Structure formats: C-alpha cells, structure tokens
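The values are calculated or read from the model by the stated rules, or taken from the named source; none is laboratory data. Source: prediction; values computed, not measured. Glycine gets a Cβ as well: all are built from the backbone with ideal geometry, and neighbour counts include every protein chain shown. Note: areas computed on protein heavy atoms with side chains; ligands, DNA, RNA excluded. Shrake-Rupley method; radii C 1.70, N 1.55, O 1.52, S 1.80 Å.
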Amino acid sequence: MGALLSLSDAVQRHVHDGQRIALEGFTHLIPFAAAHEIIRQQRRHLHLIRMTPDLIYDQMIGMGCADALTFSWGGNPGVGSLYRLRDAIENGWPQPLSISEHTHAGMAAAYTAGASGLPFGVLRGYINNDLTGVNPDIKSVRCPYTGEQLATVPALNPDVSIIHAQQADRAGNVLLRGIIGAQKEAALAAKCLIVTVEEVVDTLDAHMNSVVLPHWVVGAVACVPRGAYPSYAQGYYARDNGFYQDWDAIGKDRTRFTDWMRQKVLRVAA
Amino acid sequence: MKDGLPWTQDEMMTVAAARLLWDGCVCFVGIGLPSAVANLARHLHAPHIVLIYESGTIGARPSVLPLSIGDGELAETATSVVSLPEIFTYWLQAGRVDVGFLGAAQIDRFANLNSTVIGAYDKPRTRLPGAGGAPEIAAHARQTFVILKQSARSFVPALDFCTSAGFSGGHGERARTTARGAGPQAVITDFGILKPMAGSDELQLTGRFENVTSQQAVQATGWPLQVASSLEIIAAPSADELRVLRDMHART
C-alpha cells in the first residue's frame, strides 16, 4: 500500500483499457502529468469521470482515450469552450463520446455516496430541469420521514481515481491543502487510488484536521513536481491563466491540437 | 446605443447589478460577469459582502478578478476553504446564501435559464459548458439575480434546454416545488432591469438605462416583453463607480 513508484510504472500497473477512471481536482491540483502519461501509454475506451473536464479531459478525449464521460461542467474556466470535448460530442471526433451529465451538487453527492459505501446519493436538486430527461441515472426517492420527493444519483465508484497533492511522506501518507474540491470523496470512492505529489518528505507539514489520506488507502504514490501544471499547487506554483487562455486557440483546431500534443506530451518521457 | 458617452453599456450593466447587492449579504457568485459585479459592490458600498465561490472558498476577497472560480487568490483570501460536497450541502442547500448570481446563454419569460446546449441535446448545434452549480444555486439561494445581455437570440420564447429553473411555467409553479429560494428577483441586462410580476411570475421591464428606450428593450426580446407602467430610469454610473470598476479591471 502506498508504494512509491515512477508515474509510468503506476499507470502501467493500475490503469487499464475500458476502466472507469476519475482524475479529480477542482481547478486546483489537477493531475495533468498523470493524464499525459495515460495518453502516452495509449489507454483506450476509458469512461472518464470528472466534475469539470477542464483542459485535462479535453486533451485525453482529443487523443482518443475515452468513449464515455460523466461530468457536470464542461468549459474552459473563465475562457470559453473545450473544443475537443465539443468536437467529440458534436461531430464524433476522434470518436463518439457518450455523456452522463449532472450538476455539481449531484456529482458531489455521487462521490460522497461512493466514498461512504452507499448505493446512491441524495439531494434536493435537479428541480424542474431538463437534465432528468436526458440522464436516466437521475431518479428520485420519497423521504420516509417527511414525504418530500428528493433527487438521487447512483454512487460513483471509479476503478481508479488519480489526484495530485502537495506532499507524501515515505510511508505513503498524503497531504492536500487549499481548494480540495471533491478529491477526498473521489479518492475514497475508488477501488484503486493513485496520487502524484509535489514532493516526498520525512514528515508531512500537516496541522490537526488537515486533509490527510492515510497510506493504507493509497495504491501508489509518484513524485511528480509540477504535476498539476498548468493548474496549480497552492504553496508551490500559481495557475498559468495565460496558458488556459492560449488553449482556446490550440484546442480549437484539430491539426494544431494534434501537433501540440505530439510535441508537448508524446515526445516527453515521464 | 449612442456613441460618445463617457461609459459603455457593459459598464452600465455591471454597475446597475452591483447596486442591487447590499453590505453584509452572502452572495454565491459564478465566474465572469457575476464575479465582476460582486467584487465591484465589495469595493464600493458593500465592504462586508461575503463572496462564496463554488470552489469552496467562503468570504474570498480577491484583489484582482479571478479568471477561474478556483484561482489561488480566492483560497488565500478566504475566511474558510471547504470541500465541494460541503459547499453545496451545508452552505447552499441548507439555505445559508442570500443571493445567487448567475449568467446564462438563454433565458425565457419566466427566467428559466439554459447553459447546456443550443439545438437538440443529442445533436447540438452548439454544446455549451452545462450546469455546474447553477441549478441548485437557482433553487436554494434565497433569491437569484441573473445578468446577461439582451437580444432576441438570448431572450427566447422557448429554451432549447432548461438547465436551471426560474419560475418554470409561472403562475406559482415554482412555489409548488421543493426549491427553497424565492427564485430570480432581478434580471440585469444591457438595457435595464427586468423583474417578475406578482401572480404570473412573468418578467417585465421595470427599469431602463437613461440612454435607451423601452421600445429598444422590447425589440431585443424574443417574446412580447411587458413594460411596467411606472418605469424606473436607472441613473448613469457615477464618476466613483466608473473609477472603481476601471481600476479593478486594470489591476486584473
């Protein structure tokens, strides 16, 4: 448990074609390096799960890793569209992508249920909107105490969840700080958890009540400094907002995208 | 719009929206215009406004406008940073938010919002980002404000997709759901402000900016827009409002 591996070994060992995988991190701590390694190892037919597909899934979808996506907001934050995601949905390029679409509150409830070992999450949500008509996973239940009709979503239990964190210690305990999104839930909902970290330290810089994932829930740790770039790691480096803006033009064009991926991802060793 | 004014219609819209926020209010803000509006209010008349971004940052006080809802500065300046499951349950769903501030691609006469697709869901003409936090913000904030530019393309007779319910079919339909909040109480556009009418819940123009006519607002609406009999003329941005707004953008 918590074995310290190279990123390429961690992906080789744990990520397989056809799996349901979640690479989480809400704007912060997005595990880009791990996604790039999955792209290099040419995993196929993945069912990707993530609240905000962000550039990370735009890249994986555009490189043909996925044929299904569960998500709740698919834009380039503050910039506009994710053109590879759109191209897959609108034109089936490079392959068709089936989607299971939620709200943030619904996905958060689904991860929480997954982490809790419950079959479904419950929320007062999806009220009078059309998502219930296009996503058969969204159902409802009557509260046995009040009679109120509440929305339900099936638990999310990814085969593999991958997150990025600031630190791990040599035993494989992992520390996250800053905006933590739904990473703790995604981590504990998964059958296997892979964590990339900025640094491996002797003693975690953790205050009481910090978000620490203990080594015995961690399947593998890989030390990948700047592994969340162009997103960020609080205390280490800032979000490269300029790159997110540049991605608009790179992602918009199939050829430019493919060239960029070839030069910046495929030709780079992990 | 007239040329030669010392301010733009976008500035007018941002300022008019900021005036609706009061000091000390708890505001759940979306990125883009809502974030600019809420931060403008904080720098003007509402220094104690509590900004909540859906990334889990409660009480954020950014010095520059964030590009994303999860920029580092939001976390660094926040009173508290909580997880996403927590922000959407303990804080939003439980009713601890005064104002939800939303944008959208399309709105209908009952202030229902579309941010999902233009065209058919299965074969969209334009795939938009989707729901994010909006449907539950629209349901559970005590009230919501919506900000978007007015045109026949965005103010439509029928949404292509209802992402976030406002008053649904109107005539009290919202009140019969389990949504806890009062729903959209103001829609701020580049022409003025629309508010729901008592009884029908249908939006009507209740205020216009001084440099446009109500006829222009009606023409920029895809349904026969009602105009209030006593139409408020919304004052132009003051020198102070413009200076603070422009300083904020210059820093960003």
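If the segment from B:Glu76 to B:Gln216 were pulled out straight at 0.36 nm per residue, it would be longer than the present Cα-Cα gap by 46.0 nm.
The convex hull built on the alpha-carbon positions of chain A has an orientation-averaged projected area of 14.5 nm². Taking all protein chains as shown and a probe of 1.4 angstrom, B:His43 keeps an accessible surface of around 70 Å². The sum of -39500 (n - 2.57) across all DSSP H runs of n ≥ 4, divided by the residue count of chain B, sets its helix-only mean residue ellipticity at 222 nm to -6000 deg cm²/dmol. Distances between placed amide hydrogens fall under 5 Å for A:Ala22 paired with A:Ile49, A:Val160, A:Ser161, A:Ile162, all partners being 5 or more residues away or on another chain. Taking the Cβ-Cβ separation of A:Ala249 and A:Ser140 as r and a Förster radius of 35 Å, what is the calculated FRET efficiency to the nearest 0.05? Approximately 0.20, to the nearest 0.05. Each part reduced to its alpha carbon centroid, region A:52-87 and region B:19-33 end up 29 Å apart. The heavy atoms of B:Lys123 offer some 130 square angstrom of accessible surface to a 1.4 angstrom probe. With a Förster radius of 45 Å applied to the C-beta separation of B:Asp122 and A:Asp205, the computed FRET efficiency comes to 0.35.
On the accessible surface of region B:9-251, probed at 1.4 Å, how many percent belong to carbon and sulfur atoms? Ligands and nucleic acids excluded, carbon and sulfur give 52 percent.
In region A:67-120 the Cα-Cα distances spread across 5 Å bins starting at 0 as 5, 18, 20, 21, 16, 11, 8, 2 percent of all pairs. Taken over the alpha carbons of region B:51-136 as equal point scatterers, the Debye sum produces base-10 log I(q)/I(0) values at 0.23, 0.24, 0.26 Å⁻¹ of -1.11, -1.15, -1.23. Burial here means at least 50 square angstrom less accessible surface with every protein chain in place than with the chain by itself, probed at 1.4 Å; in region A:177-218 the buried residues are A:Ile179.
DSSP assigns beta bridges within chain A; of those with both partners inside it, close to 35 percent run antiparallel. Each part reduced to its alpha carbon centroid, region A:212-248 and region B:173-221 end up 43 Å apart. Two decimals is fine: what is log10 I(q)/I(0) at q = 0.14, 0.18 Å⁻¹ for region B:1-118, from a Debye sum with one equal scatterer on every Cα and no solvent? With no solvent term, the Cα-only Debye profile gives -0.63, -0.98. Projecting the Cα atoms of B:Trp91, A:His36, B:Ala104 onto the charge dipole of the protein assembly as shown, computed from C-beta unit charges around the Cα centre, puts A:His36 farthest toward the positive end. Placing a label point 7 Å from the Cα of A:Glu148 along the Cα-to-Cβ line, the residues of region B:59-96 whose backbone N sits under 19 Å from it are B:85-96.
Its residue count N fixes a reference of 2.2 N^0.38 Å for region B:73-112, and the Cα radius of gyration divided by that reference is 1.56. Label positions at B:Ser238 and A:Gln42, each projected 7 Å from the Cα along the C-beta direction, are separated by 6.7 nm. Heavy-atom accessible area for A:Val211, with the other protein chains in place and a 1.4 Å probe, reaches approximately 30 Å². What the Cβ-Cβ distance of B:Lys195 and B:Trp223 gives, at R0 = 22 Å and to the nearest 0.05, is a FRET efficiency of 0.90.
Diffusion coefficient of the protein assembly as shown by Stokes-Einstein, Kirkwood radius over Cα pairs, 10 °C, 1.306 mPa s: 67 µm²/s. Principal semi-axes of the equivalent ellipsoid, √(5λ) from the alpha carbon gyration tensor of region B:9-251, are 26, 23, 17 Å from largest down.
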